[in-house]
Amino acid sequence: MRFLSGFIMIARLGKGHCFLQNHKKIGRRGMLMVKVVHHLGSPKWLIIAGLLVLGSVIVLFTVGSGFSKTKHHAEVIATVNGVPIHINEFRRAMTATKAGVISYFHEKYDADLSPAFWTTAYGGEIPLEMIKKRALEASVNIKIQQIIAQEQGVLEDIDDDSFVQSLQRENKRRQTAINHHQVVFGPAQYSEEAYFEYVMTNAVVSVKNDLMAHEWKPDEQQLKRFYESQKSARPEDPAFDAVRDQVVKDYIDHKYEGYVRERVSEAKVVLNQEQYDSLPM
């Protein structure tokens, strides 16, 4: 395997590679913080792959990444199983995690937002580094969910350029309808963040429904065992039959989260280290 500086790959565990350690769950979405021990021994912190990734073991090593010094290279901050994460996607993830990072530093260090906030070290922690780590984790997880949706035939194209074009078409459609005094449900115009959430929410629901109808369809005994494993020991807990519909929903959510967690732990992620390190707030 040819070594190349400036790019790193996260892959399955194998001999002779560096080990990632210190997994730590952060909040409901399961942010996973990992300490990266570089191939040559210098420590560096990096966030790896995503929502609900609990207990995954991932390995880091430098490889020939396939990135070239082109416009496309400049726009791609990482790839997941060969599928690009564009800087625009990464910045969306940074925006989504921004409030949580600000809150973390305010609560732990009483740090207030200021022009110097993002690059100031607080107790050895730098806000800009943390938001990038969380954004990378979230971006990898989202890309895995998009890949799953594409595999299930729910999303045809998962490239960010296609998403932006879809947003523009949708907003044009809405504006045309408004101009013709037609009813438009939802906002008159979607922001990029709101439309992305709308698309992903619908995609995940469709994926869950498809898998529930086929590969993951449970029988009654499976549902009952799941209910018993999840309920508390309190005597006021309702009987299974009274909450069966909710149990079905919780079962498919549980299966989906586990499946995403597994796919993320197996993913090969190549990071454009130069772009990652130089990206400003």
Among Gln275, Tyr190, Val243, pick out the residue whose Cα is farthest towards the positive end of the charge dipole of the range 174-281, where Lys and Arg carry +1 and Asp and Glu carry -1 on C-beta, about the Cα centre.
-> Val243
The answer for GluC sites (Glu not before Pro) in the range 174-233 that fall in a DSSP coil and have at most 13 neighbouring Cβ atoms within 10 Å is Glu215
Rounded Å value of the spacing that divides the Cα centres of the range 225-281 and the range 122-136 = 25
What part of the accessible area of the range 117-241, given as a whole %, is carbon or sulfur when the probe is 1.4 angstrom?
-> 50
What are the trypsin sites (Lys or Arg not before Pro) within the range 179-247 that DSSP puts in a loop, where the Cβ has at most 15 other Cβ atoms within 10 Å?
-> Lys231
Whole-number accessible area per residue in Å² for the range 131-281, which is evaluated in the context of all protein chains at 1.4 Å | 57
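The values are calculated or read from the model by the stated rules, or taken from the named source; none is laboratory data. Computed from a predicted model, the values in this text were never measured in an experiment. Ideal geometry is used to build each Cβ from the backbone, glycine not excepted, and the neighbour counts take in all protein chains shown. Only protein heavy atoms, including side chains, enter the accessible area calculation; ligands, DNA and RNA are left aside. Shrake-Rupley method; radii C 1.70, N 1.55, O 1.52, S 1.80 Å.
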